[in-house]
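What follows is a set of notes on a single structure, which appears directly below.
The values are calculated or read from the model by the stated rules, or taken from the named source; none is laboratory data. Note that the coordinates shown come from a computational prediction; the quantities given were computed from them, not determined experimentally. Here the Cβ positions follow ideal geometry from the backbone for every residue, glycine too, while neighbour counts run over all protein chains shown. Side chains are part of the model used for accessible areas, which takes the heavy atoms of the whole protein and leaves out ligands, DNA and RNA. Shrake-Rupley method; radii C 1.70, N 1.55, O 1.52, S 1.80 Å.
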Amino acid sequence: MKTNLFFFKTLLVMLLIWNLTSCDSKKSDQPLLDSQWSGVTKVPQEAEVVLKFTKDKIDVLLRGKVIETMNYTLSNGEINMEKNSGGTPCNVGAKGKYRYDIIGENLVMTLVSDECNARIQSLQGIVFKKSDVKK
């Protein structure tokens, strides 16, 4: 009986540890998932925008309204994005790739390649501050 109880407790602890580490791993694989970042961009004129990340989509918000949507994927510290819709000068389907760094509560993207000059101006070197996600 004591052996069965010991085995059961050991199994329970192992499952708990596995569950905790797998949750951390998912978050580190998707560090931008369900996050929101605000910063002052330069297209067409300076304005504060919010980048709202969901599972595979970025909504760009200006004064609380979505002005652009992009699909994105993350790989090896880089973010690949493709415009879906919106009123910015980028063509629908325009692709861009940026190296991203999260430093504390700041998100900074550095150009790798981009088909859209307007997006380069609005993302390159801008410090986006983490903000509360509004659903």
Once Lys and Arg are counted +1 and Asp and Glu -1 for all other residues with Cβ under 13 Å from that of E82, the total becomes +1
With a 1.4 angstrom probe the carbon and sulfur portion of accessible area for region 24-135, in percent, totals 48 percent
Calc'd 3J(HN,Hα), region 111-116, phi into Karplus 6.51 cos²θ - 1.76 cosθ + 1.60 (θ = phi - 60°), Hz, glycine/Pro = x, comes to 4, 9, 7, 7, 7, 10
